[in-house]
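Report on one structure; see the data block that follows.
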Amino acid sequence: MTALIPGFDYRRVSVGDVTLNVAVGGRGDPIVLLRGFPQTHLAWRHVATELAADHQVICPDLRGYGASDKPADDAGHTVYSKRTMAADITALAGRLGHDRFAVAGHDRGAGVAFRAALDHPDRISHLAVLGVIPSVDLWQAMTVQLGAVLFHLYFMAHPAPFPERMIGADPDGYFGHFLDVWVSDPGAIPADVRAAYLDAARGPESIRAICADYRAGAFVDGRHDDEDRALGRQLTMPVTALWNQPAGTAPPFDYEEVWRTWAPRLSSVALDGGHLLPDDRPKEVAAALRALLSQVNQI
C-alpha cells in the first residue's frame, strides 16, 4: 500500500515546465512544507496533520524528487537551482489560490524556502529553515573534518555520470545510510515510510535529478546567495531557524549567528535529535512553527 499523509488530498499541479506531486490538507492561512534529502513530502506527515487543524498545509515533492517531474539538467545547473525550485513553489501556491503564504523547509527544502523568501518577499509571510545554513555560508564554513561528515555534498556534485553510476550500484544502501544515521529515534521512520523514500530515490531518473540538485548547490546556488549579500538583501519577514543539537554536543557552525546576518527578525530553536527533524522530532518542530506563525508580519 502506498504511504500517504492521512486526511490529505493528492493532486498533480502544473507549474510551468514541470508538474509537481502535492498533498493538501486543512483550511486556514496557508503554509508550504518542503522536504529534504533523501525524503519525499512524507517527511512532514506528523507536522502536516498537526498544523492542518487550523491552516491549509501544502506538501509538494520538489522537482526531481518523489512523484514530481524530473527534467534533464542543463550545463549551468539552473534547472535544479534553488531559484528555479522557489519559482515552482510560488507558482504552486498561486495555482492553489494563495498570494501570500508561509513556508518551512528542511535540508534541501530549506534552501528552496530561503530562496523563495529572498526572491519573492511579497509572497512569503513567514519563513522557517531547518538543519542548514545558506549555500554561500556553508561552503565558506567547510573544514576538512566537516567535509568528511558531509562527503555527499562533494560526491554528488562531481560531473555526471560518475556519482550516478556509483549510487546506482546500490541505491538502497546509499540512501538508506542517511536514513539510518540522521535520526536519533530508530522508530522515527517506520517501514512503510522508509520504503516510500527508497522507492522514490532508487530509479536512474531520480538519481540523476538528485545529483543535479547537489551540483546546483555546489555551484549556482552559492553564487545567487553571494550576489544577494553583495546587494545587502535580507529577509524581511519573521524567520525561525531550527537545527539538531544532541545533548552534550556542539553544532558544526553557529546557526544563529549565520542566520542573523540574513534575518533581523530571527528566532532560533536547537532540538535534541537527529538531522531529519520533521521525522525525528515532529512535535517540537510543529510547536516551533506554530510560534513562528503567531508572529504578526506587516508588509
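The values are calculated or read from the model by the stated rules, or taken from the named source; none is laboratory data. In this text, all values refer to a predicted model and were calculated from it rather than measured experimentally. Cβ coordinates were reconstructed from backbone atoms using ideal geometry, including for glycine residues, and neighbour counts include every protein chain displayed. Heads up: the accessible areas ignore ligands, DNA and RNA and are worked out on the full protein's heavy atoms, side chains in. Shrake-Rupley method; radii C 1.70, N 1.55, O 1.52, S 1.80 Å.
Screening Gly105 with (1) open to solvent by 20 Å² or more (accessible area, probe 1.4 Å); (2) under 19 Å from the mean Cα position of the chain (by Cα) gives one miss only, at (1). Could you look through segment 224-242, keep only residues that are of a type outside the set (S, T, N, Q) and open to solvent by less than 20 Å² (accessible area, probe 1.4 Å), and pick out the one that is farthest from Pro121 (Cα to Cα)? Restricting to residues being of a type outside the set (S, T, N, Q) and open to solvent by less than 20 Å² (accessible area, probe 1.4 Å), the top hit is Leu242. With the requirement that a residue be in a helix (DSSP H, G or I), open to solvent by 10 Å² or more (accessible area, probe 1.4 Å) and either at pLDDT below 95 or under 12 Å from Leu276 (Cβ atoms) (or both), what does segment 175-216 give you? Once the filter is applied, which keeps residues that are in a helix (DSSP H, G or I), open to solvent by 10 Å² or more (accessible area, probe 1.4 Å) and either at pLDDT below 95 or under 12 Å from Leu276 (Cβ atoms) (or both), segment 175-216 yields Asp180, Val181, Arg194.
Does Ala23 satisfy being surrounded by fewer than 18 Cβ atoms within 10 Å (Cβ to Cβ) and over 15 Å from Val112 (Cα atoms)?
no
The conditions are (1) crowded, with 24+ Cβ neighbours inside 10 Å; (2) at negative phi; (3) not in a helix (DSSP H, G or I), and Pro30 fails exactly one of them. Which is it? Result: Pro30 fails condition (1) only. Taking the conditions (1) assigned to a loop (DSSP other than H, G, I, E, B); (2) open to solvent by 10 Å² or more (accessible area, probe 1.4 Å); (3) not polar (S, T, N, Q) in turn, Gly94 satisfies each one other than (1). In this structure, does Ala43 turn out to be under 21 Å from Arg281 (Cα atoms) and more than 19 Å from the chain's Cα centre (by Cα)? For Ala43, the condition - under 21 Å from Arg281 (Cα atoms) and more than 19 Å from the chain's Cα centre (by Cα) - is not met.
For segment 243-260, filtered to residues that are touching an Asp or Glu at 6+ places or on another chain (Cβ under 8 Å) and at pLDDT 95 or above, the residue that is most open to solvent (accessible area, probe 1.4 Å) is Gln245. Within the bounds of segment 240-258, is there any residue that is touching a Ser or Thr at 6+ places or on another chain (Cβ under 6 Å) and under 21 Å from Gln56 (Cβ atoms)? Yes; the residues of segment 240-258 include at least one that is touching a Ser or Thr at 6+ places or on another chain (Cβ under 6 Å) and under 21 Å from Gln56 (Cβ atoms).
If you check Val112 against the conditions, is it touching a strand residue (DSSP E or B) at 6+ places or on another chain (Cβ under 9 Å), of a type outside the set (Phe, Trp, Tyr), open to solvent by less than 40 Å² (accessible area, probe 1.4 Å) and in a helix (DSSP H, G or I)? So Val112 passes the test. The number of residues in segment 73-84 being without any contact (Cβ under 8 Å) to a residue 40 or more places away in the chain and either touching an Asp or Glu at 6+ places or on another chain (Cβ under 8 Å) or of a type in the set (Gly, Ala, Ser) (or both) comes to 1. Out of all the residues in segment 135-144, is one or more open to solvent by less than 10 Å² (accessible area, probe 1.4 Å) and within 20 Å of the chain's Cα centre (by Cα)? Scanning segment 135-144, I find no residue that is open to solvent by less than 10 Å² (accessible area, probe 1.4 Å) and within 20 Å of the chain's Cα centre (by Cα), so the answer is no. Every test in (1) free of Cβ contacts under 8 Å to residues at least 24 places away in the same chain; (2) in contact with a Cys (Cβ under 6 Å, 6 or more places away or on another chain) is passed by Ala23 save one, and that test is (1).
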